[in-house]
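Here is the structure we will look at, set down as structure tokens.
Read-outs throughout are calculated quantities, based only on the coordinates presented, and are distinct from any laboratory measurement. Worth saying up front: this structure is predicted, and the values here are computed from it rather than measured. Please note: Cβ atoms are built from the backbone with ideal geometry, for glycine as well, and neighbour counts cover all protein chains shown.
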């Protein structure tokens, strides 16, 4: 396949190991024309010549990271170490995708977010604001993580779930269906969150947490769980 871009000798003023790219063909998907300048890469393997994937003017992709497929990295975004952005994913704003993290499918990450570890953001998921997704956490389906939320360890946020505010999910936490988890608190270590008949049931809560606008009474919800989820 013919080359899609070339690496120029224009160095990134903040990182002399990165060099600006220039398009060698049109990429209508992102309004790029042959001759247009793009963002910065460290190596040619950072941006695939296949597909329509592209790096915008102010973005950096470096180390062993890769942008491929029809993915778009733009704004002031940074992709580093062994991160992989592919499919139709979009990474923008001041987002930083690091380590072995993956963003793919039609996922979008934007804002001042930090994606790291071996975490995965995919399907139609959205991560935005100042949120962090780390370790081996997964956000997928149509789930949304935003605000100052933190999702880590082996936690999973999926379906139409929303996690936002100053919430931290860590351990073996699963948030799914139509749940909204917000407030100021932590859920950790093998927590289980269920949504049944309009009632959210949470086990292993620590500190104060607001779920759907109420502070849950754990014993009461355990009783409801036995009735609704048995």
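The length gained on full extension between residue 10 and residue 154, counted as 0.36 nm times the residue separation minus their Cα-Cα distance, comes to 47.7 nm. Taking R0 as 41 Å, what FRET efficiency do you get between residue 176 and residue 100 from their Cβ-Cβ distance, rounded to the nearest 0.05? Computed FRET efficiency for residue 176 and residue 100: 0.95. Stretching residue 63 away from residue 29 to a fully extended chain increases their span by 9.6 nm, per 0.36 nm per residue minus the current alpha-carbon distance. Modelled spin-label separation between residue 118 and residue 166, with each label point placed 7 Å from Cα along the Cα-to-Cβ direction: 3.3 nm.
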